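Encoded as C-alpha cells, the structure appears first; notes follow it.
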Amino acid sequence: MYTRAVTLTEYVDNPEARLALHQRTLSVVMASQVFSGAGLAAGVTVGALLAEQMLGASALSGLPAALYTGGSAVAALTVGRLSQRLGRRVGLAAGYAAGALGGAGVVAAAALGNVALLLVSLLVYGAGTATNLQARYAGADLSGPGRRGRAVSSVLVTTTVGAVIGPNLVAATGRGAEHFGLPALAGPFALAAVAYAFAGVILFLLLRPDPLLISRTLPPDPAPAATEARRGSASVTAGAATMVLTQLVMVAVMTMTPVHMRAHGHDLAATGLVISLHIAAMYLPSLFTGILVDRIGRVPIAVASGVTLLAAGIVSATAPDDSVPLLALALILLGLGWNLGLVSGTAMITDAAPVERRARIQGNVDLCIALAGAGGGIASGLVMSATSYATLSIIGGLLALAVIPFVVVRTRRAGA
C-alpha cells in the first residue's frame, strides 16, 4: 500500500513524470495497434466474400459486417465497463483475446462448412473491432484538453501500418490456407486471430501503470477550457452523432465494394488494394487530423467529415465498373470522411465526459457506433440487391450530410 501511494503522488505532483508516463502509454498502445490494424483489415476485406460463398446469396453478403459490428456493440459495452472497473489494460486485453478467438472460429467454420459456427464466430470476432477503436481513448487519458485530438490521432495513425499490410496479405494468406487444405478465404481470418492475440499480449504485459486509473488521481482540467468542454450532455450527443453517422455510411459502402468489384471481374489482388487504400485513408490522415481538431476546433472538422463522405458517395456512384483507380479514389474519400468524424467526435466525448465516468460513457458511445455499423452492414446488402451499388453510394453520401445540422445545433446548445 505504501508503494502505491508514493507512485500516485509522484504522478500528481510531478508533471515530468506524468508526461513520461503519457508518452510511454502512447508507445505501448501504438505498438499494439500495428497488430490489431492487420487483424481488423484482413477480415474486413474478405468477410462479405466468404459469406457469399458459404451462404450462396449475394443479398446476404452484408451479413458478416452486420454480425461483427453487432458483436462489437456488445464488446464495446463490455470493454468500456471492464476498463471502468479494472483499467484500460484489462479491458483492452480481454477485448483482443475475444477477437482472436472469433477469428480462429471463422477459420474452423470455413474448414468445416459450418454456417452456424461462422455466424457465431463473426459475432465474437467483432470484439477485436470494438477494442481497436476503444484503444484510442487510452491514448487520451493522460493528455491535456488542448492535445487530445493529437493523442487520439497518434493511436489511430499507427493502425495504418497493420491496416495496409492486412488486405495486401489476402492473396498470400489465401494460398497458405489452401496449402493446409483450408478454403482460401479462411487465410485472412487466421492472420486476424494471430494479430489480435499479439495486440492483447502487448497491452496486458506493458500497459503499466494503467493510464485511466492514474488519470483519476490527477487534478481536474484547468478552467476555462474544462468549464467550456463540460457543458452538459449536448457535447456528448454531438460527438456521438458525428461518429455514429460516419460509421454507418462508411460500413455500408465499404462492405459492398468487394462484392461490387467481384461482380465486375476484379480479382482478390485488386480488391485487396482498394480496401487497403481505404483503410489507410481511415487512419493515415490522423497525422494531421488531430492537429486540425485541436487548432481549428471540433465542430468544423465534424462538418468537413459530412462533406467528404458526400464526395465519396458521388465518386463511387459515378465511377465506371471497370475503373479500379476511381473506385480506389472513392474509398479513399470514404476513409478520410470517417477519420475526420472519428477524431473530432472522440475529442468531443473525451472533453465532455468526467473522468470518474469516462470509460463507461465511452463504451456506451462506442456501442451506438457499433450498432450503426451493424445497421449499415445489413442495409447495404439489401439496398444493393434491390437497386445498385451506385444508389447505395448516393444514399450514403446524402445521409452523411445530416452530421452538419445535428452537430451545429447540439454544440450551440452546449455553448448556451
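The values are calculated or read from the model by the stated rules, or taken from the named source; none is laboratory data. What you see is a predicted model; the values in this text were computed from it and never measured. Every residue, glycine among them, receives a Cβ derived from its backbone with ideal geometry; neighbour counts consider all protein chains shown.
Under the condition of being surrounded by fewer than 21 Cβ atoms within 10 Å (Cβ to Cβ) and either in a loop (DSSP other than H, G, I, E, B) or not charged (D, E, K, R) (or both), the residues counted in the stretch 71-81 number 3. The condition of being small (Gly, Ala, Ser), in a helix (DSSP H, G or I), more than 18 Å from residue 43 (Cβ to Cβ) and touching a helix residue (DSSP H, G or I) at 6+ places or on another chain (Cβ under 8 Å) holds for residue 146. Can you tell me which residue in the stretch 289-303 is surrounded by the fewest Cβ atoms within 10 Å (Cβ to Cβ), limited to those that are within 15 Å of residue 403 (Cβ to Cβ) and free of Cβ contacts under 8 Å to residues at least 60 places away in the same chain? By that ranking, first place goes to 300.
Scanning the stretch 312-335 for any residue that is touching a Pro at 6+ places or on another chain (Cβ under 9 Å), modelled with pLDDT of 90 or more and under 18 Å from residue 153 (Cβ atoms) turns up at least one such residue.
Return yes when residue 380 is under 26 Å from residue 123 (Cα atoms) and surrounded by fewer than 18 Cβ atoms within 10 Å (Cβ to Cβ) and no when it is not. In short, no.
Just checking, does the stretch 352-369 include any residue being at pLDDT below 85, under 16 Å from the mean Cα position of the chain (by Cα) and either under 16 Å from residue 245 (Cβ atoms) or of a type in the set (S, T, N, Q) (or both)? No, the stretch 352-369 contains no residue that is at pLDDT below 85, under 16 Å from the mean Cα position of the chain (by Cα) and either under 16 Å from residue 245 (Cβ atoms) or of a type in the set (S, T, N, Q) (or both).
Only one entry of 359, 352, 372 meets the criterion of being small (Gly, Ala, Ser) and under 28 Å from residue 48 (Cα atoms), and that entry is 372. Against the numbered list (1) modelled with pLDDT under 90; (2) over 20 Å from residue 69 (Cβ atoms); (3) assigned to a helix (DSSP H, G or I), residue 108 comes up short only at (1). Checking the stated criteria, residue 244 turns out to be β-branched (Val, Ile, Thr), under 29 Å from residue 350 (Cβ atoms) and either out of contact with any Ser or Thr (no Cβ under 8 Å at 6 or more places or on another chain) or outside any helix (DSSP H, G or I) (or both). Candidates 366, 351: the one that is touching a Leu at 6+ places or on another chain (Cβ under 8 Å) and buried (at least 22 other Cβ atoms within 10 Å of the Cβ) is 366. Scanning the stretch 102-152 for residues that are closer than 23 Å to residue 200 by Cβ and among the polar types (S, T, N, Q), we see that the one that is surrounded by the most Cβ atoms within 10 Å (Cβ to Cβ) is 131. Criterion applied to 171, 186 was being buried (at least 20 other Cβ atoms within 10 Å of the Cβ) and small (Gly, Ala, Ser), and the one residue passing it is 186. Reported count of residues in the stretch 258-290, each being part of a helix (DSSP H, G or I) and touching a helix residue (DSSP H, G or I) at 6+ places or on another chain (Cβ under 6 Å), is 23.
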